[in-house]
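The structure appears below as structure tokens.
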Amino acid sequence: MALSVCVYCGSRAGDSPLFLQAAREVGMLIGQAGGRLVYGGGKVGLMGAVADAALAAGAEVLGVIPQALMAREVGHRGLTELQVVDTMHQRKLAMAEASDVFVALPGGIGTLEEIYEMWSWQQLGYHDKPVALLNVDGYYDALLEFTRISHQRGFVSQPQFEALIVDTDAPRLMQRLAAAAARATAPDDYSKL
């Protein structure tokens, strides 16, 4: 099953070459599987790396970017499709509607906000699409510990805690996402957001 994979990641490269390597690998894997990359439309950092790798591997790439970021000239003009929207809210909804699965690579506060929003929307029943973290070089270790504590302290239910897919290996994560997407059955309902 060819998936539309939404990738959230940094507009910077971070401090480890492993981050860029992982972004390129994920883009390549999406292309090799005949899938489509959906992402934030940037040409810099991990965002640019995942898009360029996906394109090089033959994937269609949909970027969704707010006009304010296009004006700052960070939009990737070499994509299959680049949607320019007015607001961040429109961007996030368009990306969600266009995607079958969601995965976060290393990134900053925007990446965290986006993947947690998708996890939250999953919990609230707006979608039942898989949500995942690719934990490159231990980047998400502290966040995962915090999530475990939130679960232990009663703020994250057992089913929701188990719903977050986490892996350190990109090919294995992509296989797990494909398997989880095949099990997803509930229709999306973003109309109440």
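All conditions in (1) closer than 25 Å to residue 185 by Cβ; (2) polar (S, T, N, Q); (3) open to solvent by 60 Å² or more (accessible area, probe 1.4 Å) hold for residue 67, with the sole exception of (1).
For residues in region 71-83 being out of contact with any Asp or Glu (no Cβ under 9 Å at 6 or more places or on another chain) and without any contact (Cβ under 8 Å) to a residue 24 or more places away in the chain, which is least open to solvent (accessible area, probe 1.4 Å)? Before you say what the answer is, go through the steps one by one.
At the first step, the residues of region 71-83 found to be out of contact with any Asp or Glu (no Cβ under 9 Å at 6 or more places or on another chain) are 71-75, 77, 82-83.
Those left that are additionally without any contact (Cβ under 8 Å) to a residue 24 or more places away in the chain: 71-73.
Working: 71: 74, 72: 176, 73: 137 Å².
Of everything passing the filter in region 71-83, 71 is least open to solvent (accessible area, probe 1.4 Å).
I need the full set of residues from region 10-42 which are open to solvent by 10 Å² or more (accessible area, probe 1.4 Å), in contact with a strand residue (DSSP E or B) (Cβ under 7 Å, 6 or more places away or on another chain) and under 15 Å from residue 108 (Cα atoms), in order please. Hit for region 10-42 is 11, nothing else. For region 45-60, the condition of being under 17 Å from the mean Cα position of the chain (by Cα), in a strand (DSSP E or B), surrounded by 15 or more Cβ atoms within 10 Å (Cβ to Cβ) and not hydrophobic (A, V, I, L, M, F, W, C) holds for at least one residue. When every residue of region 15-28 is checked against the conditions, none turns out to be part of a strand (DSSP E or B), without any contact (Cβ under 8 Å) to a residue 60 or more places away in the chain and of a type outside the set (Lys, Arg). Among strands (runs of 3 or more DSSP E) entirely within region 87-191, having at least 3 residues that are open to solvent by less than 20 Å² (accessible area, probe 1.4 Å), at pLDDT 95 or above and of a type in the set (S, T, N, Q) singles out no element at all.
The values are calculated or read from the model by the stated rules, or taken from the named source; none is laboratory data. No experiment lies behind these values; they were computed from the predicted model shown. Every residue, glycine as well, gets a Cβ built from its backbone with ideal geometry; the counts of neighbours run over all protein chains shown. Please note that ligands, DNA and RNA were not included when accessible areas were found on the heavy atoms of the full protein model with its side chains. Shrake-Rupley method; radii C 1.70, N 1.55, O 1.52, S 1.80 Å.
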